[in-house]
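Structure first, then comments.
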Amino acid sequence: MAKTKVDDINRNIYDVVDKDNYEFKMQKGLNREIVEEISKRKNEPDWMLDIRLKALEMYNKLELPTWGPDLSELKMDEIATYVKPKANLNNSWDDVPEEIKNTFERLGIPEAERKSLAGVGAQYDSEVVYHSIKQELLDQGVIYTDMETAVREYPEIVKEHFMKCVPINDHKFVALHAAVWSGGSFVYVPKGVKLDVPLQSYFRLNSPESGQFEHTLIIVEEGASLHFIEGCSAPKYNKVNLHAGCVELYVKDNAYLRYSTIENWSKNMMNLNTKKALVGKNAQVDWVTGSFGSKVSMLYPMSILNGEGARTEYTGITFAGAGQDLDTGFKVVHNAPNTSSVVNSRSISKNGGACTYRALVRIAEQAKGSKCSVSCESLMLDGISRSDTIPVNDVETDDVEFSHEAKIGKISDKEIFYLMSRGLSEEDAKAMIVRGFAYPVSKELPVEYAVEMNNLINIELEGSIG
Amino acid sequence: MKKLLEIKQLHAQAADKEILKGLNLTIKPGEVHVIMGPNGAGKSTLANVILNNPQYIKTSGEVILDGENINELPTNEIAKKGIFMSFQSPEEIPGISTFNFLKYAKSKISGEQVKSFKFRHDLKEYVEELNMNPKLIERNLNVGFSGGEKKKNEILQMLVLEPKIAILDETDSGLDVDAIKTVSRGISMYKNDSNAVLIITHNNKILENLHIDYVHVLVDGKIVKTGDASLADEIEKEGYAKYKKVEE
């Protein structure tokens, strides 16, 4: 894949605040009228409104999680769940309003599209403002559009799959998502069609005291293959913003899906996201995840290996600085024989940041001959940062190969001295060591994001030398 | 002739234990010095203290390079001023190829941009001279290198970075006879009239093909005897017993 972004990225591009210049901003809070209003504004069919209202009911019944990071700062009464930007959905950047277009230009999206993507979606606050896909993919029957269009134009496919992989009662924030969802991408790759160039959706939240609830639904039919990239960012505000997206992936027999995420939310964001994949016979889903931003993250992508010979790999890195509590991990359920999973997780914490790797491995009785290998390593850059590993393993058959390896460490003084003896400053040396630690993950990221991650490591480390 | 490195009455400790106890040493341009001594005498400490490893504390004395006191300089500034140390156990750093690391270090030490093409060309020559597998430099720095490959990589770095003084801390330890010869050839390639080498060793093999100006015996934190190359032979035969007695 071609390099699609220049090297001199810095944090500032994420923090540029556009004027809160919406066409419509929902009153703050959450109730039945608000949910009905969202549905009405979207001209939705009744079946979708029904799902929303059921989900709202569920939301009101479900309790907050009793474990994990502190969510007390999140008050739904202070969050606007729907913000419609002053833009309609376009398939040409020229038609996207100047300020919004400039924001995506700064983030490098149109440039990446020209150079190395087969299609792009761009969401600004609650609505998708740009979506486009190469003609040759359309000709092969690939669908890549925003979720609202999918509800309208492909109701049967959406009905069959929407909130079926992730049920609305999964947890409180899934219920919230289903009640107020807006935007997101829908991808359908027909049987046997292999995309050799990725699709990318980018989610930008600009409006303060608001939430983003995009829904991503991807269906990769038998023998098809896709690489999907999602990126997200927001400028920093003093008040809490909320992200509760939902990703549902259907990977049919012999299909392949690679799902890459770079999450760069600002440090006032509560990122309570849910992602799950159902994986068919001899199919494979690979998750590649970089979590750098947000104040609190609770994010545990999940693969359910339902078909014999299904495979999944999770490669993730988390970087928590001051004031950040990033609780991430991976869940896998082996439901069929000869399935395999590989987990490779890295976390870095500094300046009092906290990283938790929380994971579930469940190997069902019928999953004989399955393999699972977990490796997670944490690096703490100082004495005030925290790092935890909380794995839950539930293995119901003896006929498996299972390995779990966890390492928690500090940055080595010997390595710093070695590099400084070669002329590197202490900051350079630390950055090089941290990049090296992150390398097994960063080499899996799309190239432009790997570059971005290395730059972020430099930026994050600046001024952290005591 | 002017002095390149001068160490005066150096005292240093690690973990509250005094290791160097008033060490004096003067090195002039063009010279090759050897420090020998029993285990625990302070040989590696000396190398680390010269480069200001924060794990060690200088309690008194001076380290002077080219007339400038470098006691308080951070390690990277000392490296930029021209002191290189070859490590006993070089660290493994993933995520950067040896080639890119060398190029990066060269630019930091020289303060100039390094042109890839010429750099690669020069490097190729050194790699051949050191009998290194050319593929090694494309691999991550020291990651998965054998002990011998790591040591050769240290010598490669010395050649590339062109320091004024190279301190080789037991670079020969753990090497087979052929590899020691290769390291020794690397030292000869590096050596000229304006730079100097300080070899810390237990072993005479590395000295065989080099012109040695001085051999120092370091015992209990002090240099107790200085002589010419013949002193190394004497120690090889007789050991350090009589110098230890001198201490008592």
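Values quoted throughout were computed directly from the atomic coordinates according to the rules given, and no laboratory measurement underlies them. This is a predicted model, so every value here is computed, not measured. Here the Cβ positions follow ideal geometry from the backbone for every residue, glycine too, while neighbour counts run over all protein chains shown.
Taking 0.36 nm per residue of separation and subtracting the current Cα-Cα distance, fully stretching the chain between B:M189 and B:K124 would add 22.0 nm.
Among the GluC sites (Glu not before Pro) within region B:104-209, those in coil by DSSP and having at most 16 neighbouring Cβ atoms inside 10 Å are B:E112, B:E208.
Can you pull out the trypsin sites (Lys or Arg not before Pro) in region A:151-251 that DSSP calls coil and that have at most 15 other Cβ atoms within 10 Å? Within region A:151-251, the qualifying trypsin sites (Lys or Arg not before Pro) (loop, at most 15 other Cβ atoms within 10 Å) are A:K164, A:K191, A:K239.
Label zone of A:K368 (point 7 Å out along Cα→Cβ, amide N under 20 Å): in region A:302-339 this covers A:305-311, A:334-339. When peptides B:15-21, A:49-55 are sorted by average Cβ neighbour count within 10 Å, with the highest value leading, the order is A:49-55, B:15-21. Taken over the alpha carbons of chain A as equal point scatterers, the Debye sum produces base-10 log I(q)/I(0) values at 0.10, 0.12, 0.13 Å⁻¹ of -0.71, -1.05, -1.25.
Between their Cα atoms, which of B:K43/B:K205; A:K239/A:K410; B:K58/B:K164 are more than 25 Å away from each other? Cα-Cα > 25 Å for A:K239/A:K410; rest within.
Placing unit charges on each Cβ (+1 for Lys and Arg, -1 for Asp and Glu) gives the protein assembly as shown a dipole about its Cα centre, and among B:N204, B:Q55, B:T45 the Cα reaching farthest toward its positive end belongs to B:N204.
Span-like helix criteria (full DSSP H runs; alpha carbon extent of at least 18 Å along the helix axis; mean Kyte-Doolittle hydropathy of at least -0.5) are satisfied in chain A by A:46-61, A:426-442, A:447-461.
Full extension of the chain between A:I390 and A:R32 yields a length gain of 125.1 nm, computed as 0.36 nm times the residue separation minus the alpha carbon distance. Computed about the Cα centre, the dipole magnitude for region A:271-362 is approximately 80 debye when only Lys and Arg (+1) and Asp and Glu (-1) carry charge, each at its Cβ.
Taking amide H as placed 1.01 Å from N in the peptide plane, the amide H of A:T261 sits under 5 Å from that of A:E230, A:V288, A:T289, A:G290, each at least 5 places away or on another chain. The angle between the Cα long axis of helix B:116-129 and the longest principal axis of the Cα atoms of chain B comes to about 60 degrees, rounded to the nearest 10. Converting phi to 3J(HN,Hα) with the Karplus coefficients 6.51, -1.76 and 1.60 and the offset θ = phi - 60°, region A:63-69 yields 8, 5, x, 8, 10, x, x Hz in sequence order, with x at every glycine or proline. Ignore the peptide's own chain and count Cβ atoms of other chains within 10 Å of each Cβ in B:163-176; give me the average, rounded. Mean partner-chain Cβ count within 10 Å for B:163-176: 0. With a 10 Å cut-off around each Cβ of B:89-96, the average count of Cβ atoms from other chains is 6. Here the spin labels are modelled as points 7 Å beyond Cα on the Cα-Cβ line, and at A:K414 and B:N131 they lie 2.7 nm apart.
Of the peptides A:294-302, B:34-42, the order by per-residue mean of other Cβ atoms within 10 Å, starting with the highest, comes out as A:294-302, B:34-42. Post the alpha-carbon centroid distance, region A:301-339 to region A:354-370, in whole angstrom. For region A:301-339 versus region A:354-370, the Cα centre distance is 8 Å.
For helix B:177-190, what angle does its Cα long axis make with the longest principal axis of chain B, in degrees from 0 to 90 and rounded to 10? Between helix and principal axis, roughly 80 degrees. Note on A:R41 and A:K159: the model spin-label points, each 7 Å out from Cα along the C-beta direction, lie 2.7 nm apart. The amide H of B:L73, built 1.01 Å from its N in the peptide plane, has no neighbour under 5 Å, considering only residues 5 or more places off or on other chains. Here the residues A:F228, A:F292, ranked from fewest to most Cβ neighbours within 10 Å of their Cβ, fall in the order A:F228, A:F292. Counting DSSP beta bridges in the protein assembly as shown, what percent are antiparallel, to the nearest 5? So the antiparallel bridges in the protein assembly as shown amount to around 20 percent.
Near B:E31: Cβ cut-off under 13 Å, other residues only, Lys/Arg at +1 and Asp/Glu at -1. The net charge is +1. Peptide B:177-189 has a mean shielding of 0, counted as Cβ atoms of other protein chains within 10 Å of each residue's Cβ. The fraction of all Cα pairs in region B:5-247 landing in successive 5 Å bins from 0 to the largest distance is 1, 6, 14, 18, 20, 17, 13, 7, 3, 1, 0, 0, given as whole percents. Here A:F402, B:F84, A:F437 are placed in order of increasing Cβ neighbour count within 10 Å, fewest first, which gives A:F402, A:F437, B:F84. Counting only DSSP H runs of at least 4 residues, each contributing -39500 (n - 2.57), and dividing by the residue count of the protein assembly as shown, the helix-based mean residue ellipticity at 222 nm comes to -8500 deg cm²/dmol. Model label points for A:K54 and B:H202, set 7 angstrom from Cα along the Cα-to-Cβ axis, are 7.5 nm apart.
What's the angle, to the nearest 10 degrees (0 to 90), between helix B:229-238's Cα axis and the longest principal axis of chain B? Around 70 degrees separate the two axes.
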